[in-house]
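Q: Have a look at the structure that comes next, please.
The values are calculated or read from the model by the stated rules, or taken from the named source; none is laboratory data. Every value quoted in this text rests on a predicted model; they were computed, and no experiment measured them. Here the Cβ positions follow ideal geometry from the backbone for every residue, glycine too, while neighbour counts run over all protein chains shown.
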Amino acid sequence: MKRIIGALVALSLGFFGVALYAAKGDEKVDSRIFELRTYECVPGKMEALQARFRNHTRKLFEKHQMTVIGFWNPTDAEQSQRKLIYLLAFPSQEAAVKSWADFQADPEWKAVKEASEKDGKLAEKIETLTFNIGDIADDNKSAKVQLMWENTSVKFAVAVDFDSRVMKDIEAKTKVNPGTYAAAANYYLDNGKDLNKALDWMNLAIAGNPNAFWNVHAKAKIQKALGDKKGAIVTAQQSLDLAKINKDGDFGYIKLNEDLIKSLK
C-alpha cells in the first residue's frame with residue numbers, strides 16, 4: 001500500500017501540474033475526484049477477472065457516469081497475474097458515492113457478478129485510494145491535494161512555478177533547436193512577455209516553414225498585441241490565403257483569420 005500511495009502522490013502532482021498549466025483566464029481547472037482501485041486476484045483467476053472488466057464492468061461504469069481513466073497490470077511478471085489496477089474519475093465525492101451505489105444495485109451487475117463467480121470469487125481483496133485537487137489559488141500556482149483511504153485522510157499543499165521553468169526551457173532549447181521558435185513565441189504572447197522578442201522568434205519560425213499558416217496567424221496576433229493593426233491585417237490576410245490553398249484543410253484558420261481581420265478594422 002505504501003508504494004501505491006507514493007505513486008498516487010506523484011500522479012496527483014502530475015494532474016495538478018497539467019491542470020494549472022492548462023488554466024487560462026476563466027477556463028475551468030479540472031477538479032474531479034480520482035479513485036485508484038487495486039484488485040488482489042485469486043490465483044489463476046486473472047484471465048476471468050480481465051474478461052469481466054472487458055466485457056461487462058467497463059460498460060456498466062459508463063452507464064453509471066464513472067469515467068475510466070485507465071486499466072493496467074504491474075510490469076512484474078508474477079505481480080501481473082495477481083494485481084489489476086484501474087483509475088476512475090467522478091465530478092465530486094458525492095457523485096462517486098451515488099455512482100457506486102447505483103452500480104452495486106444494478107441488476108445487470110448482480111447477474112454478471114454471480115455468473116462470473118459461480119466457481120468462486122475472482123478477487124481476494126480490493127484496495128481503494130481516492131484523491132482530489134482543491135483550494136486552487138486565484139493565480140493557479142498552488143492548491144491542496146487530499147488523499148483518502150480506509151478511515152484515513154491526508155491533505156497537503158503543493159505549489160509550482162511554471163513560468164520560471166518554461167522561461168529556462170525556452171532559453172535553453174531555442175539555442176539548440178530553432179524548431180522551438182514558434183512555441184517560444186506563442187508562450188511569450190500568451191503570457192504577456194516581451195512581444196518584440198516573440199515577433200522575432202515567430203519570423204524565424206516562418207522563415208523555416210513559410211507555408212505554416214498557423215504560425216503566420218500567430219504572427220498577426222503578436223502584431224495586434226504590439227499595436228501594429230495595419231501590419232496585423234496584412235499578415236492575417238497572408239495566413240488566410242495560405243489556409244485556403246492547403247490541400248489537407250484549413251483546420252479552422254480561415255474563420256480565425258477572418259475574425260481577426262474583422263476585429264482590426
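Q: Please verify whether the range 244-251 includes one or more residues that are part of a helix (DSSP H, G or I) and surrounded by 21 or more Cβ atoms within 10 Å (Cβ to Cβ). Break it down stepwise before answering.
A: Start the filter on the range 244-251 by keeping residues that are part of a helix (DSSP H, G or I), which leaves 244-245.
Cutting the leftovers down to surrounded by 21 or more Cβ atoms within 10 Å (Cβ to Cβ) gives us none.
Looking for residues that are part of a helix (DSSP H, G or I) and surrounded by 21 or more Cβ atoms within 10 Å (Cβ to Cβ), one finds none in the range 244-251, hence no.
Q: Here is a check on your reading of the model: is Phe90 touching a residue at least 40 places away in the same chain (Cβ under 8 Å) and closer than 16 Å to Phe34 by Cα?
A: On the way: touching a residue at least 40 places away in the same chain (Cβ under 8 Å): yes; closer than 16 Å to Phe34 by Cα: yes.
In short, yes.
Q: Next question. Could you check the range 101-114 and list, in sequence order, the residues that are within 22 Å of Asn132 (Cα to Cα) and buried (at least 16 other Cβ atoms within 10 Å of the Cβ)?
A: Hit for the range 101-114 is Phe103, nothing else.
Q: Moving on to the next point. What tally of residues in the range 115-132 results from selecting those that are surrounded by fewer than 17 Cβ atoms within 10 Å (Cβ to Cβ) and polar (S, T, N, Q)?
A: Total satisfying the criteria: 1.
Q: Only one of Thr75, Thr130, Thr152 is of a type outside the set (A, V, I, L, M) and in contact with a helix residue (DSSP H, G or I) (Cβ under 8 Å, 6 or more places away or on another chain); which?
A: Numbers: Thr75 fails: in contact with a helix residue (DSSP H, G or I) (Cβ under 8 Å, 6 or more places away or on another chain); Thr152 fails: in contact with a helix residue (DSSP H, G or I) (Cβ under 8 Å, 6 or more places away or on another chain).
Of Thr75, Thr130, Thr152, the one residue that is of a type outside the set (A, V, I, L, M) and in contact with a helix residue (DSSP H, G or I) (Cβ under 8 Å, 6 or more places away or on another chain) is Thr130.
Q: Further question: Can you tell me which of (1) within 15 Å of Asn55 (Cα to Cα); (2) part of a helix (DSSP H, G or I) is the one Phe103 doesn't meet?
A: The number of the failed condition is (1).
Q: Answer yes or no: is there a residue in the range 76-83 that is within 24 Å of Trp149 (Cβ to Cβ) and touching a Lys or Arg at 6+ places or on another chain (Cβ under 8 Å).
A: Checked against the condition, which is being within 24 Å of Trp149 (Cβ to Cβ) and touching a Lys or Arg at 6+ places or on another chain (Cβ under 8 Å), the range 76-83 yields no hits at all.
Q: Every residue in the range 243-253 that is in contact with a helix residue (DSSP H, G or I) (Cβ under 8 Å, 6 or more places away or on another chain) and either modelled with pLDDT of 95 or more or charged (D, E, K, R) (or both), please. Talk me through it step by step, then tell me what you get.
A: Applying the first criterion (in contact with a helix residue (DSSP H, G or I) (Cβ under 8 Å, 6 or more places away or on another chain)) to the range 243-253 yields 243-244, 246, 250-251, 253.
Lys244, Asp250 - these are the residues of the range 243-253 that are in contact with a helix residue (DSSP H, G or I) (Cβ under 8 Å, 6 or more places away or on another chain) and either modelled with pLDDT of 95 or more or charged (D, E, K, R) (or both).
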